[in-house]
Every structure is written in C-alpha cells, then in structure tokens.
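*Asks:* Structure below; questions to follow.
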Amino acid sequence: KRKLRQSMIYFDQLKLNNWISFYGNQPPLVFSKNDDKNITFILADNEVGKTSILRGVQWCMYGKTNDATKYKKHLERLNFQAADELNYSYSVQIKLLFNNQNYIITRSAEIDSNLELSEKNFNEDLICNIEGKIYKDKITQKEINEIIDLSGSRFYLFDGEMLDEYE
C-alpha cells in the first residue's frame, strides 16, 4: 500500500522586488499562520497587483506563471519603472513551512550591467534554503516540486481571474 503524505504547507512571507507592478523592494506580505484561520485574503481595487502576487509565487516556485498569455518573458515580468531606470533585475522570495522544515525559496533574474536590455541577456537564478542547507540548480526545483507541483498549485493559490481554468 502507498502511504499518503499528510503535510501542510504554511506560507509565511512573500517578498517582491521589481516584480510586474511592484517597484523596488517591497515590504514582505505576511500570511496567516493561525491554524483555525489559515486563509489569507487580499482585497484591493482592480489593476493594483493581486494577480501579480499570485504569479510571483508561481514563478518563484516553478519558473513559470501557469498563464498561457502573460508573463512568459523576463521583459513582461520586470517592473517598467525599474527598467526605465536601467535596473534590469527582479526577484521573488517565499518563506514557508513544510514537513516542519523552514524553506526560503528565492528566484531572481537580471542582466549584467554591461549588456543591453534583451530577453536573451537575462540570467535566472533559483536558490532554496531548507533549514540552512542551500540547494541550487536542478536539485532546487526537485526539492520544491516535493512540496507541490505546478498543476496542483492552482488549488492552493487561487485568483478570481483564473476562474476559466476551473471550468
């Protein structure tokens, strides 16, 4: 018999830097850690970045935003104001608890200051810190996929703009 894992994912914090509509280093978004009230709602006007937050979590964990039309390229994810100031770097960092272990997952992308602004000049980096042990490259993605894979993430990371995906 296959034993089912009964693990909870507790998102702790999300930090965005030059991510889509979020210019510069933003203060962390802190998620509810209360066992009885463990859902975090983000209410705001349209076009202020709610979906960008969700896409940031997806990109940080999986390198893609699970969106067929938007945010596939670095130049679509880089904040416009940062790009205007010739700052061609952006990042998303997630702190979470899974299987009683603390994870800090950071995905970043940037262009060396000597290179021109071009999609092909971006370098992407993924680092996962699990209880002080640092993972990089393909091993990092394997560790992240142990938490939850991209296809399953849509049930944990929900946005009203994604309703068409559930039909």
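*Asks:* When the Karplus curve 6.51 cos²θ - 1.76 cosθ + 1.60 is applied with θ = phi - 60°, which whole-Hz ³J(HN,Hα) does each residue of the stretch 88-102 get, with x for Gly and Pro?
*Replies:* Here the 3J(HN,Hα) series is 9, 9, 8, 7, 9, 10, 10, 10, 8, 10, 9, 6, 6, 10, 7 Hz.
*Asks:* For the stretch 110-125, take each phi angle, set θ = phi - 60°, evaluate the Karplus expression 6.51 cos²θ - 1.76 cosθ + 1.60, and give the result in whole Hz per residue in order, putting x for glycine and proline.
*Replies:* Here the 3J(HN,Hα) series is 7, 10, 4, 4, 7, 9, 7, 5, 7, 3, 6, 8, 6, 10, 10, 10 Hz.
*Asks:* Please list 75-81, 111-117 highest first by mean number of surrounding beta-carbon atoms within 10 Å per residue.
*Replies:* Details: 75-81: 16.4, 111-117: 11.4.
Ranking the peptides 75-81, 111-117 by packing returns 75-81, 111-117.
*Asks:* So if each residue of separation counts as 0.36 nm, and I subtract the Cα-Cα distance between Ile139 and Leu117, what length gain in nm does that give? Don't skip to the answer; put the middle values down first.
*Replies:* Values: separation 22, 0.36 × 22 = 7.92 nm, distance 2.94 nm.
Length gained, Ile139 through Leu117: 5.0 nm.
*Asks:* Okay, moving on. I'd like the FRET efficiency for Asp84 and Ile9, computed as 1/(1 + (r/R0)^6) with the beta carbon distance as r and R0 of 30 Å, rounded to 0.05.
*Replies:* On the way: r = 37 Å, r/R0 = 1.22.
So, using R0 = 30 Å, E works out to roughly 0.25.
*Asks:* Calculate, in nm to one decimal, what Leu75 and Asn129 gain on full extension: separation in residues at 0.36 nm each, minus their alpha carbon distance.
*Replies:* Details: separation 54, 0.36 × 54 = 19.44 nm, distance 2.70 nm.
Additional length available on full extension: 16.7 nm.
FYI, it's all coordinate maths here, none of it is from the lab. In this text, all values refer to a predicted model and were calculated from it rather than measured experimentally. Note that each Cβ is placed from the backbone with ideal geometry, even for glycine, and that neighbours are counted across all protein chains shown.
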